[in-house]
Amino acid sequence: MDIAALLSWLEATSLAARIRDSLFLFPLLESFHVIGLALVFGTIAVIDLRLLGAASTDRPFKRMASDILKWTWAAFVLTALTGSLMFLTNAGVYYHNFYFRSKMALLVLAAVNMLSFELTLGRTAHRWDKAAAAPPAGRAVAILSLAIWISAIFAGRLIGFTTSRAKQTAPAPADSSLEELFQK
Amino acid sequence: MKSFAEWLSTTFLSVFIQNHNSWAIPTIQSIHIVGIAIVLGSVFMIDLRLLGLAGMDQTLRQTSNRFGPWLMGALWLMLATGILMVIGEPVRELITFSFWLKMLLVAVGTLIAVIFQRAVRKHEEVVETRRAVKYFAVLTFLIWACIIVLGRLIAYDHVWGSWSPAARS
């Protein structure tokens, strides 16, 4: 199956149609995407600032990482899931969008950056665990991490400005407003 | 409010943002999102500590001292970028139900944050041992989550039906 066929198949799924035809689902997916990314960036920044020696310098690094990163991953799952559902509604348009592609590339960079840390300094963390800052390579990883995630946020916001929203296929959505929803 | 919004949209700064909207608006909004990430992240770390789910090697006062200043600093950043967004698109922002409900929750959330940090500084043990503090932790997180939802709904104010002033006019 070629990519164009896959993209149009994704758009044709009943799940994609359900989201497109609802007044609330897409805005709510966007909202939970923001909540998710806020927690991803917020918690990663806590770790990065620790590596840089800019904050939490009195806390052992390994303890902090095991304390916080599980929440980062949980938030990442929420963000990826809501992001995938939004992608589904207009797959062809997003796939060809420059900022969407940039954002995906940034996510790959973030993964490579994280892996390079885990496979090297992460394994010797017991040696510098209680130091106020990580060794220079660790600080470089932290700076890169902050830069990559902030860039991903900018790219993500730009996707919304450079793509047209998918058209509703149903003429009148069943859930026409929150006001009516509350009156029922 | 409508005439105020229309007047605001004729001011120099507003016209400047409108004339550079291809980059100005997305840039301001992105900085606003980075700001909310620092706010929600800080609230989250304090709340996890209150719930006993993270940061238990730190006292409550240490946790509040670590994240409180970042929370307040990011709130100032959000105020600045938020004001720029209102100046840049006054009608889109001010003539909505979502915006004003959001402002109400922001006021409540900020007031709670200020009072909480003061209480931890003065009566740490009292705050820590109260059972209600766990409900407080969940509630404050929900307030900031709702603020994020309402912020996004400014762009979709029609979901409120006739509650939206944009739909009435």
Query - Net +/- balance of residues flanking A:S145 in space, Cβ distance below 13 Å, scoring K and R +1, D and E -1 - result: 0
Query raised in the report: Projected area of chain B, taken from the Cα convex hull and averaged over every viewing direction, in nm²?
Result: 10.9
Query - Computed Rg/Rh of the range A:14-78, alpha carbon atoms with Kirkwood Rh - result: 1.23
Query raised in the report: Relative to the longest principal axis of chain A, what angle (0 to 90°, nearest 10) does the C-alpha long axis of helix A:25-52 take?
Result: 10
**Report entry** Members of the range B:133-153 that become less accessible by 50 Å² or more once partner protein chains are added (1.4 angstrom probe, chain alone as reference)
**Finding:** B:I148, B:V149, B:R152
Query raised in the report: Residue by residue, what Karplus-based ³J(HN,Hα) values in Hz, rounded to whole numbers, does the range B:161-166 have, using 6.51, -1.76 and 1.60 with θ = phi - 60° and x for Gly and Pro?
Result: x, 6, 5, 7, x, 5
**Report entry** Coordinate range along principal axes, alpha carbons of chain A, Å, largest first
**Finding:** 63, 45, 25
Report task. State log₁₀ I(q)/I(0) for the range A:42-90 at q = 0.19, 0.25, 0.27, 0.30 Å⁻¹ as given by the Debye formula over alpha-carbon point scatterers of equal weight, solvent excluded. Result -> -0.64, -0.85, -0.93, -1.05
**Report entry** Projected area, mean over directions - the range A:67-166, Cα convex hull, nm²
**Finding:** 7.2
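How would you classify the range A:126-168 from its alpha-carbon gyration tensor, with a ≥ b ≥ c the square roots of the eigenvalues: rounded for a/c under 1.5, else prolate if a/b is greater than b/c, otherwise oblate?
Values: a/c = 6.82, a/b = 4.27, b/c = 1.60.
Prolate, because a/c is 1.5 or more and a/b exceeds b/c.
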Report summary line: Expressed in nanometres to one decimal, the distance between label points 7 Å along Cα→Cβ at B:T27 and B:M1 is 3.0
Report task. With +1 on each Lys and Arg Cβ and -1 on each Asp and Glu Cβ, and nothing else charged, work out how big the dipole of chain B is about its Cα centre, in Debye to the nearest 20. Result -> 360
Query raised in the report: Using the alpha-carbon atoms, what tilt in degrees (0 to 90, nearest 10) does helix A:98-119 show relative to the longest principal axis of chain A?
Result: 30
Query raised in the report: By its C-alpha gyration tensor, with a ≥ b ≥ c as the square roots of the eigenvalues, how is the range B:1-45 shaped: rounded for a/c under 1.5, else prolate for a/b larger than b/c, else oblate?
Result: oblate
Query raised in the report: Using protein heavy atoms only (no ligands, DNA or RNA), what is the total accessible area buried between A and B, 1.4 Å probe, nearest 100 Å²?
Result: 3400
Report summary line: When the charge dipole of the range A:13-162 is computed with +1 at the Cβ of Lys and Arg and -1 at the Cβ of Asp and Glu, the Cα pointing farthest to the positive end, of A:L158, A:G53, A:M86, is that of A:G53
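Give me the number: length gained by fully extending A:A80 to A:R18, i.e. 0.36 nm times residue separation minus the C-alpha to C-alpha distance, one decimal in nm.
Result for the pair: 20.4 nm of gain on full extension.
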Query raised in the report: What are the residues whose amide H is under 5 Å from the amide H of A:G53, where those residues sit 5 or more places off or on another chain and H is modelled from the backbone?
Result: A:A134
Query raised in the report: Karplus couplings for the range A:130-145 from phi (6.51 cos²θ - 1.76 cosθ + 1.60, θ = phi - 60°), rounded to Hz, Gly and Pro as x?
Result: 9, 5, 5, 9, 6, x, x, 4, x, 5, 5, 4, 5, 4, 4, 4
Report summary line: TM-like helix rule applied to chain B (DSSP H, alpha carbon span at least 15 Å on the long axis, mean Kyte-Doolittle at least -0.5) gives B:21-51, B:60-88, B:97-122, B:133-153
Requested in this report: Go through A:F24, A:A12, A:L69 and say which Cα lies farthest out towards the positive end of the charge dipole of the range A:4-76; charges sit on Cβ, +1 for Lys and Arg, -1 for Asp and Glu.
Outcome: A:L69
Query - Cβ-placed point charges (K, R +1; D, E -1), dipole of the range A:13-162 about Cα centre in debye, nearest 20 - result: 260
Report summary line: P(r) over all Cα-Cα pairs of the protein assembly as shown, 10 Å bins from 0 to the longest distance, whole percent per bin, short to long, reads 5, 22, 30, 26, 14, 4, 0
Query raised in the report: What dipole magnitude, in Debye to the nearest 20, does the protein assembly as shown give about its Cα centre under +1 on Lys/Arg Cβ and -1 on Asp/Glu Cβ?
Result: 780
Report task. Could you work out how far apart the two model spin labels at A:H126 and A:A140 are, taking each label as a point 7 Å from the Cα in the direction of the beta carbon, and quote it in nm? Result -> 2.6
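The values are calculated or read from the model by the stated rules, or taken from the named source; none is laboratory data. Keep in mind that this is a model prediction, so the values were computed, not measured. In this analysis, Cβ positions are derived from the backbone assuming ideal geometry, glycine residues included, and neighbour counts consider all displayed protein chains. Quick note on the areas: whole protein, heavy atoms, side chains included, nothing else; ligands and nucleic acids left out. Shrake-Rupley method; radii C 1.70, N 1.55, O 1.52, S 1.80 Å.
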